[in-house]
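Quick notes on the structure that follows.
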Amino acid sequence: MTGFLVIALLLCLLKDGMSIATAWEGEDFFKYCPILRCCKHGPEIRFPFRLESSNTSSLCGAPHLNVACSGQDTILVNPIYAQYKVTGIDYRHGTLTLVPRVDDSSRSCRQKLMSTALPHSTVDNNKVDSIMPPLCSPGYVVIVRCLTEFTPSNRSANYIFGPSSCLGNTNYFSYLVDGFAHLYVLPLDCKVVPDSLFMMTPDYDIFMPGYGSTFQEKAAAIIDFSGMEFQYCSSSIIRSGIIDNCTKCEFGGRRCGFSPQGNQTFCINRGSHVKLIAATSSVATLVILLLMVAMTLYLSLKTRYNEEIHLKVEMFLKTYGTSKPTRYTFSEVKKIARRFKEKVGQGGFGSVYKGELQNGVPVAIKMLENSTREGEEFINEVATIGLIHHANIVRLLGFCSEGTRRALIYEFMPNESLEKYIFSCYSNTCQELIVPNKMVDIALGIARGMEYLHQGCNKRILHFDIKPHNILLDYNFNPKISDFGLAKLCARDQSIITLTAARGTMGYIAPELYSRNFGGVSHKSDVYSFGMLVLEMVSGRRNSDPSVDSQNEVFLPEWVFEKVMTGQNLVAREMTEDEKEKERQLAIVALWCIQWNPRNRPSMTKVVNMLTGRLENLQMPPKPFVSSESHETP
């Protein structure tokens, strides 16, 4: 049926296209959109760029690719990049050459450099590859000031430059550091200078010619106020296609233009002209027919995609068997959830509702609404916690898979997640929960649950998303690990596993999940997440990586390490000697768990022994993240 409809629509298009007649002359575009410059030796300004101050049509340039004249300088029409002038546009490779507009009245090198700093809002800290049109994924550096001089190691040279005589003085030493680097790569006496964000040629771009400059060379170019190359693009997918077409056209030695009638780019040989044929019949009819074809194809593909996912889930459930958690129909789930009237939470994969089974047992129903991984979250949950029972792992009581609707039914946790009690804790119940003795009980319960996942099942289960939000508390505030949507199963004797991409939540993801230079991905990656969770518990502070917008904050592991080393309390409240020891014990265990090298982290079995043992038997771990030497686990 779908194929017949598509053929009928295509026949209509062919019939409509018989009335093609008039030509639109290509040279007309170049007549109304001529080549312009801001000065005699300035860069050519032509499509896809447009000089905003000219009287040309907005069709003479692609969106976001507007430039303006500021005296003799060519500048980008974007307040973020107002500190830079355009000295070259390479239409063949799609790149811009930018040079800082230095304040010549500044006396010192540092003052000149600071006059070119970008606003803090330039970088979105939640996105590693931010696109800020018209530049594609530019790199950034910040100035870091240290009281003592140090020489970056070979590895650190990939993101640290200095010390620089241009930026420092007799009281401190200054370095340029990659804006996306973690502050834990620096000594503790280093601080980021406020308002010191600078743009840098990105590390890697397959479309840029001559790339391959080292971080040291690119940082030196910033100090020298030299030109930097960036690829230009548009935030619109359609307009990005126009830019790609123009780059290919210019690379072939031809000129690129734009046809308003056809809403497309065209190429013309230099010194010649081209004719574009436009349909003189109803353009609106053509557009409607094209939309109908596209919509038909989209619905057909979407239906086929949903059928494939449904088949994948059904094949899994058939293999899974019938002796495990109960399978419900969607109508039964609606009754259990009381037509989804009481929403109790929202997760990354959907909403959570409170309900009740026929026997009166309260349950939580998670509706998987935002799945983008072909049913993997549903299969992961059923395949992991559906097979196991442990006091510290939330129990899966049932599930539903009916068409595109999928639901998971768990035992209800009345005291919600651990996250609620760690931060901004004011109630009496909350204050009782965060005393060191209770925190040890909670940490021990989580550790035992993780030990069971890693060692107690037929297959090792790696959770990959251990964090306070995924630790639920029952009626007696016993912790239970939940949310296995990112989990991965592997053989118990498999020490290293392969992942195609990092998974987890920022701040809890182990370094090796970002880069294999730190080691292989294994069950030790979960140990790292557990360590970060315990650091948050014991300090009452959130674990957020430092950014250019919060330079006065110290990275949480560094802060805890210094407190433990100097014998200071982590929280400002009265504690007995026994409570102080428990607090210190938790901190030391957590610091061992977050060691940079996965081999230096203890197993969860060892963590359980450390939490149940005596404080005097624990060795102080090395400073997290900075040492590349191997240290023995306690």
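Taking label points 7 Å from Cα along the Cα-to-Cβ direction, residue 182 and residue 53 give a separation of 4.8 nm. The portion of the accessible surface of segment 464-614 made up by carbon and sulfur, rounded to a whole percent, is 46 (1.4 Å probe; DNA, RNA and ligands excluded).
Checking the Cα-Cα distances for 467/582; 191/420; 191/623; 438/467 against a 25 Å cut-off, the pairs over it are 191/420.
Full extension of the chain segment joining residue 516 with residue 70 gains 155.9 nm, where the gain is 0.36 nm per residue of separation less the Cα-Cα distance. Between residue 495 and residue 341, the distance separating the two model label sites (each 7 Å from Cα on the Cα→Cβ line) works out to 5.7 nm. Report note on the peptides 135-143, 478-486, 333-341: ranked by the mean count of other C-beta atoms within 10 Å, highest first, their order is 478-486, 135-143, 333-341.
In this structure residue 343 has an accessible area near 110 Å², from a 1.4 Å probe over the protein heavy atoms.
The values are calculated or read from the model by the stated rules, or taken from the named source; none is laboratory data. Since the model is a prediction, treat every value here as computed from it, not as a measurement. Cβ sites come from the backbone with ideal geometry, for glycine too, and all protein chains shown count toward neighbours. Just the protein is used for accessible areas: all its heavy atoms, side chains included, with ligands, DNA and RNA removed. Shrake-Rupley method; radii C 1.70, N 1.55, O 1.52, S 1.80 Å.
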